[in-house]
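The values are calculated or read from the model by the stated rules, or taken from the named source; none is laboratory data. What you are looking at is a predicted structure, and each value in this text was computed from that prediction instead of being measured. All Cβ positions, glycine included, derive from the backbone under ideal geometry; neighbour counts span all protein chains shown.
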Amino acid sequence: MGINFSFSQNLLRRILLGIFFFTLVNLCVVCSSHGQEAAISGFTASNSESHLLLYLTVSDWFTEDMEAAIHNGIPITFIFTINLYAKRSNWPDRKIKEHEFNHIMEYDSLKKEYLIHRNERGDSKATSSFEDAKKLMSEINGFEVLPLDELEPRASYKLRAKAKLARKTMPLYFHYLIPFSSPWDFETKWHELTLQLAL
């Protein structure tokens, strides 16, 4: 009986320590995410000679935890979603175009530089500046949403955009230790812009 009782005590102690650790992780995450919410800013549209262009910035998204993770070899991925709708007065707006693309940030500890892959441009930019890397990661400059000849003159359109941090970029054990409400799993709200064309 003494052996069984000792075994039960050890098992109970392990369970209690596990509950305490999980609670501690949750408390730390709540503290780190308090007061910060990623959002889209500088959301504007213009045009080139041939295309409707989009500009935006994701702000208030970066945390000290993310910086530490990147410097420890964990890449992070933004997924941008861009939708264009034709506005209709008596019917629901009609979606005419949807884009989804990624920005991926990696850190090369040997070269001490950051590499940003921008899916919509099909390019990769290297920089030794962390501030420049964050800027490249969070900005969309002149993305070609749609050719102008596919838009109707003097029609109204609605442009919507959002961004989220891809959960799949984290190591497997992060998925269990960090809850869905953590900054590692943020998603901005949809941001909208109404366009009145005068083509």
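A few comments on the model shown:
- Subset of segment 109-148 (residues that are part of a helix (DSSP H, G or I) and touching a residue at least 40 places away in the same chain (Cβ under 8 Å)): Phe130, Lys134, Met137, Ser138, Leu148
- Filtered by the rule that a residue be under 12 Å from Glu144 (Cβ atoms) and of a type in the set (Gly, Ala, Ser), segment 38-57 gives Ala45, Ser46, Ser48, Ser50.
- When we screen Asn72, Asn26 for residues that are at pLDDT below 90 and exposed (fewer than 15 other Cβ atoms within 10 Å of the Cβ), the only hit is Asn72.
- Members of segment 149-188 that are in a loop (DSSP other than H, G, I, E, B), out of contact with any Lys or Arg (no Cβ under 7 Å at 6 or more places or on another chain) and modelled with pLDDT of 75 or more: Leu151, Glu152, Pro153, Arg154, Ala155, Ala166
- Restricting attention to segment 29-69, the residues being modelled with pLDDT of 50 or more, surrounded by 12 or more Cβ atoms within 10 Å (Cβ to Cβ) and in a helix (DSSP H, G or I) number 4.
- Checking Ser124 against (1) over 17 Å from Leu197 (Cβ atoms); (2) surrounded by 17 or more Cβ atoms within 10 Å (Cβ to Cβ); (3) of a type in the set (Ser, Thr, Tyr), the condition it does not meet: (2)
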